[in-house]
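Student: Sharing a structure, written as structure tokens. Questions coming.
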Amino acid sequence: MSKIIITCAVTGSIHTPSMSPYLPITASEIAEGAIGAAEAGAAILHLHARDPANGRPSAEPAHFMGFLPQIKQRSDAVLNISTGGSATMTLAQRLAAPKLAEPEMCSLNMGTMNFALYPAAARITEWKHDWEKPFLEGSDDLVFKNTPRDMATILQEMGVERGARFEFECYDISHLYMLRHFVDRGLVQGPLFIQFVFGVLGGMGPDPENLTHMKLIADKLFGDAYAFSVLAAGRHQMPLITMSAILGGHVRVGLEDSLMISRGVLAKTNAEQVLKIRRIVEDLGREVASPAEVRAMLGLKGADRTAI
Ligand code: KMH
Ligand code: ZN
């Protein structure tokens with residue numbers, strides 16, 4: 001089995017400040033969270049930005065540039081900037097910071113879907129900021145738009161024109177066939193890094209059968225031209241990424257995907273989750289890949305060719 005890639009998704013755009021006091025919000029919190037995760041063994045850092053004043057998901061390049069240079073200076077990890085942003089953002093907003101920073105990696109979401117966050121609102125009794133409740137409750141009538149034209153635009157503007165490689169976010173079997181379509185169109189070249197995403201309400205559920213089936217279909221569609229990673233939301237995170245490690249896949253942790261470190265216990269840092277999965281996978285006999293090894297595995301352009 002190949003060395004295992006640990007990705008850490010530091011803050012995301014799903015969780016809101018009232019859900020955990022440990023959710024990184026300011027530039028220094030995001031930078032410290034990312035650097036701590038890298039020091040713990042994360043080779044790829046998946047990054048979103050937030051408005052430091054209230055923790056709201058932000059597409060502002062200035063908010064990204066508040067932490068990107070620090071992370072680059074203080075770690076060798078691969079910087080992977082989300083092009084997904086939040087479902088509330090336009091594509092132009094979602095691409096503003098990635099186009100400016102020209103990172104080694106970007107995420108690419110492989111289909112339009114529902115991205116339902118509203119069930120979480122019912123569990124919050126005290127709100128820190130006015131925007132949180134409507135943000136979460138409004139997701140019952142929100143479409144996370146990723147049309148083929150949107151995907152082609154991202155592949156062109158981030159891949160062809162800026163040399164980024166992709167974390168292909170696949171929430172469903174249909175997304176694998178869409179990725180195959182873009183391979184056939186010549187807009188995507190291997191080695192492919194495919195993120196199987198479980199437990200988002202609007203995507204596939206966190207059932208182990210879905211993981212084995214996603215792998216079965218990805219094997220059929222991509223042969224040995226791909227590597228898969230797994231992320232799972234909330235309490236499903238550790239069981240499913242452990243299953244990925246057993247199946248020869250890679251793993252993603254981070255407070256973007258789960259706020260917990262164990263049942264009923266909030267994670268205080270991203271590094272805690274990195275260290276937990278690192279202990280598990282090393283006990284299973286997997287060796288953790290370094291950023292340099294990940295760059296070789298995924299054919300990345302190198303940290304010196306970013307604009308950060
Ligand atoms: N939030 C995760 C479920 C993206 O940033 O492009 C998927 C994700 C999407 O990370
Ligand atoms: Zn993300």
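The values are calculated or read from the model by the stated rules, or taken from the named source; none is laboratory data. The structure displayed is predicted, hence computed values, not measured ones. Please note: Cβ atoms are built from the backbone with ideal geometry, for glycine as well, and neighbour counts cover all protein chains shown.
Student: Being of a type in the set (S, T, N, Q) and either touching a residue at least 12 places away in the same chain (Cβ under 8 Å) or in contact with a Ser or Thr (Cβ under 7 Å, 6 or more places away or on another chain) (or both) is the filter here; which residues of region 62-85 pass it? Talk me through it step by step, then tell me what you get.
Tutor: Step one: list which residues in region 62-85 are of a type in the set (S, T, N, Q), which gives 70, 73, 75, 80, 82-83.
Residues satisfying the conditions are 70, 75, 80, 82, 83.
Student: Could you list, ordered by first residue, the pairs with Cβ atoms under 9 Å in which the first is in region 166-186 and closer than 20 Å to residue 144 by Cα and the second is within 16 Å of ligand 1 (Cβ to nearest atom) and among the charged types (D, E, K, R), at least 6 apart or interchain?
Tutor: Going by the 9 Å Cβ cut-off, the qualifying pairs are 167/252; 175/169.
Student: Would you check if there is a residue in region 247-260 being within 16 Å of residue 286 (Cα to Cα) and surrounded by fewer than 19 Cβ atoms within 10 Å (Cβ to Cβ)?
Tutor: Yes, some residue in region 247-260 is within 16 Å of residue 286 (Cα to Cα) and surrounded by fewer than 19 Cβ atoms within 10 Å (Cβ to Cβ).
Student: Considering only residues of region 1-18 that are away from ligand 2 (no atom under 14 Å from the Cβ) and either among the basic types (Lys, Arg) or buried (at least 20 other Cβ atoms within 10 Å of the Cβ) (or both), which is nearest to residue 115 (Cα to Cα)?
Tutor: Initial filter on region 1-18 (away from ligand 2 (no atom under 14 Å from the Cβ)): 1-6, 16-18.
From the residues that got through so far, the ones that are either among the basic types (Lys, Arg) or buried (at least 20 other Cβ atoms within 10 Å of the Cβ) (or both) too are 3-6, 16, 18.
Values: 3: 32, 4: 29, 5: 26, 6: 25, 16: 15, 18: 19 Å.
For region 1-18, the residue satisfying everything is 16.
Student: Determine, yes or no, whether residue 239 is within 30 Å of residue 120 (Cα to Cα), crowded, with 16+ Cβ neighbours inside 10 Å and more than 16 Å from ligand 2 (Cβ to nearest atom).
Tutor: So residue 239 does not fit the description; no.
Student: What number of residues within region 67-88 are surrounded by fewer than 18 Cβ atoms within 10 Å (Cβ to Cβ) and over 21 Å from residue 300 (Cβ atoms)?
Tutor: Summing the residues that are surrounded by fewer than 18 Cβ atoms within 10 Å (Cβ to Cβ) and over 21 Å from residue 300 (Cβ atoms) in region 67-88 gives 1.
Student: Restricting to region 194-204, give me the number of residues that are part of a strand (DSSP E or B) and in contact (Cβ under 8 Å) with a residue 40 or more places away in the chain.
Tutor: 5
Student: For residue 110, which of the numbered conditions (1) free of Cβ contacts under 8 Å to residues at least 60 places away in the same chain; (2) of a type outside the set (S, T, N, Q); (3) within 19 Å of residue 80 (Cα to Cα) fails to hold?
Tutor: Here residue 110 meets the rest and fails (1).
So that you can scan it fast, the table gives a plain yes or no per residue for (1) closer than 24 Å to residue 158 by Cβ; (2) at pLDDT below 95:
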site: 1; (1), (2): no, yes
site: 7; (1), (2): yes, no
site: 12; (1), (2): yes, no
site: 29; (1), (2): no, no
site: 43; (1), (2): yes, no
site: 49; (1), (2): yes, no
site: 55; (1), (2): no, no
site: 63; (1), (2): yes, no
site: 70; (1), (2): yes, no
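Student: In region 92-105, what residues are over 14 Å from residue 49 (Cβ atoms), within 16 Å of ligand 1 (Cβ to nearest atom) and not in a helix (DSSP H, G or I)?
Tutor: Those that are over 14 Å from residue 49 (Cβ atoms), within 16 Å of ligand 1 (Cβ to nearest atom) and not in a helix (DSSP H, G or I): 104, 105.
Student: Can you name the number of the only condition in (1) touching a helix residue (DSSP H, G or I) at 6+ places or on another chain (Cβ under 8 Å); (2) farther than 20 Å from residue 166 by Cβ that residue 72 fails?
Tutor: Residue 72 satisfies all of (1) touching a helix residue (DSSP H, G or I) at 6+ places or on another chain (Cβ under 8 Å); (2) farther than 20 Å from residue 166 by Cβ except (2).
Student: Hey, another quick one. Among the candidates 284, 221, single out the residue that is more than 20 Å from residue 34 (Cα to Cα), surrounded by fewer than 14 Cβ atoms within 10 Å (Cβ to Cβ) and of a type in the set (A, V, I, L, M). Let's see the steps before the verdict.
Tutor: Details: 221 fails: surrounded by fewer than 14 Cβ atoms within 10 Å (Cβ to Cβ).
Answer to the check: 284.
Student: Which one of the conditions (1) out of contact with any helix residue (DSSP H, G or I) (no Cβ under 7 Å at 6 or more places or on another chain); (2) within 16 Å of ligand 2 (Cβ to nearest atom) does residue 22 fail to meet, given that it meets all the rest?
Tutor: Every condition holds for residue 22 apart from (2).
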